[in-house]
Amino acid sequence: MLVPGGPGTRALVRYEAFLRELARLARAAPFVLAICTGPALLAKAGLPGGMRATSNKHAFDWVPSQGPGALWQKSARLVAGGEFCSSSGVCAGMDMALGFVADRFGGQRALELAAAIEYLWNENPDCDPFSA
């Protein structure tokens, strides 16, 4: 399951029916990847419960306020742990997706995909030049 972020997340955190369905789908999914402010939606829905997570640095004060269940990591380009992964922004989401592919299908496959889309993959989740 992929949970995108963006400006629309600020409105969606107020829709209980949406949040209930998001929680149901996320709990049923074998993996959940959240990008940018997408983790705010999961947090408001009661997820990811005790797991490490990150978000876009421009919204980092707002995102954790949506739910205290996660262990929020401000200095992280992406965070991967078990069935839940999150990234700090759109490009970091590309890095997260390639890391997900590498974990499941091997690093060589991820490198092939990065080359096919002409993307310079930042494989280091701790390399976060945007954290203050």
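The values are calculated or read from the model by the stated rules, or taken from the named source; none is laboratory data. Since this is a predicted model, take the numbers as computed values, not measurements. Because the Cβ atoms are built from the backbone with ideal geometry, glycine has one as well, and the counts that use them run over all protein chains shown.
If you take just the helices (runs of 4 or more DSSP H) that sit entirely in region 61-132, which of them hold at least 2 residues that are in contact (Cβ under 8 Å) with a residue 24 or more places away in the chain?
62-65, 90-105
What residue, of Val63, Val3, is buried (at least 21 other Cβ atoms within 10 Å of the Cβ) and touching a strand residue (DSSP E or B) at 6+ places or on another chain (Cβ under 6 Å)?
On the way: Val63 fails: touching a strand residue (DSSP E or B) at 6+ places or on another chain (Cβ under 6 Å).
One residue alone meets the criteria, Val3.
Mind listing whichever residues of region 48-69 are in contact with a Leu (Cβ under 8 Å, 6 or more places away or on another chain) and not β-branched (Val, Ile, Thr)?
Passing the criteria: Pro48, Gly50, Met51, Arg52, Ala53, Gln66, Gly67, Gly69.
Which condition from (1) of a type outside the set (Ser, Thr, Tyr); (2) farther than 18 Å from Leu12 by Cβ; (3) surrounded by 14 or more Cβ atoms within 10 Å (Cβ to Cβ); (4) out of contact with any Gly (no Cβ under 9 Å at 6 or more places or on another chain) is the one that Pro125 breaks?
Of (1) of a type outside the set (Ser, Thr, Tyr); (2) farther than 18 Å from Leu12 by Cβ; (3) surrounded by 14 or more Cβ atoms within 10 Å (Cβ to Cβ); (4) out of contact with any Gly (no Cβ under 9 Å at 6 or more places or on another chain), only one is false for Pro125: (4).
So which residues in region 78-111 are surrounded by fewer than 17 Cβ atoms within 10 Å (Cβ to Cβ), modelled with pLDDT of 90 or more and of a type in the set (Asp, Glu)?
Scanning region 78-111 gives a single hit, Asp103.
Going by the structure shown, is Leu33 part of a strand (DSSP E or B), at negative phi and touching a helix residue (DSSP H, G or I) at 6+ places or on another chain (Cβ under 9 Å)?
Judged against the criteria, Leu33 is a match.
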